[in-house]
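Written below as structure tokens is the structure these notes are about.
The values are calculated or read from the model by the stated rules, or taken from the named source; none is laboratory data. Predicted model, so just to flag it, every value in this text is computed and none were measured. Here the Cβ is made from the backbone with ideal geometry for all residues, glycine too, and neighbour counts use every protein chain on show.
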Amino acid sequence: MESVGTEAQATRETIDANVTLLVLADELAVARLDPGTPVPHWAWDGGISSITRTPEELSVVCAASAVPADVQAERGWRSFRVAGPLDFSLTGVLASIAGPLAAARISIFSVSTYDTDYILVRGESLAAAIDCLRSAGHDVTEC
């Protein structure tokens, strides 16, 4: 008898090929606000913004230049966009990127959307991340 895991595996495509990553120009910040805080107007600034509310926090990813100085934030992030759209049945996309970066001790912050994934790295690690991802066989294009 076949296990459920095996059946599920057979119905999914697995990413074993390399992906195309686009290096985006904007410097981003990851801000933390109290969970009941209304979404601030500055959260929408820049080419990318992602807003996540949980019972513990409101997290905002947006242009670093938009985040007020008095807001708790980690600034200086740069991002890669996985060329998409990606089918929801694909597995291993993020792992194929995060694995080599983790092995190189490059920290990431990821954001997923309906169409694709964004992987953020610290600005000072960008060149090393590009080299690492290219060495892993990914196609990295700087925009």
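Observations on the structure shown:
- Filter pass, Ser79 being closer than 21 Å to Leu24 by Cβ, modelled with pLDDT of 95 or more and under 13 Å from the mean Cα position of the chain (by Cα): yes
- Leading residue by the ranking (surrounded by the fewest Cβ atoms within 10 Å (Cβ to Cβ)) among those in segment 76-89 that are among the small types (Gly, Ala, Ser) and within 24 Å of Ala128 (Cα to Cα): Ala83
- Some residue of segment 109-122 being within 25 Å of Pro35 (Cα to Cα), touching a strand residue (DSSP E or B) at 6+ places or on another chain (Cβ under 8 Å) and outside any strand (DSSP E or B): yes
The rows are residues; the columns are (1) under 13 Å from Leu21 (Cα atoms); (2) of a type in the set (Phe, Trp, Tyr); (3) surrounded by fewer than 17 Cβ atoms within 10 Å (Cβ to Cβ); (4) within 13 Å of the chain's Cα centre (by Cα).
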{"site": "Pro40", "(1), (2), (3), (4)": "no, no, no, no"}
{"site": "Glu57", "(1), (2), (3), (4)": "no, no, yes, no"}
{"site": "Glu74", "(1), (2), (3), (4)": "no, no, yes, no"}
{"site": "Ala102", "(1), (2), (3), (4)": "no, no, yes, no"}
{"site": "Ser110", "(1), (2), (3), (4)": "no, no, yes, yes"}
{"site": "Ile130", "(1), (2), (3), (4)": "yes, no, no, no"}
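- Being at pLDDT 90 or above, of a type outside the set (Val, Ile, Thr) and in a strand (DSSP E or B) is a property that does not hold for Leu101.
- Filter result for Thr54 (without any contact (Cβ under 8 Å) to a residue 24 or more places away in the chain, touching a Leu at 6+ places or on another chain (Cβ under 8 Å) and farther than 29 Å from Gly137 by Cα): no
- Residue list for segment 65-86, restricted to those being outside any strand (DSSP E or B), in contact with a strand residue (DSSP E or B) (Cβ under 6 Å, 6 or more places away or on another chain) and either without any contact (Cβ under 8 Å) to a residue 40 or more places away in the chain or of a type in the set (Ser, Thr, Tyr) (or both): Val67
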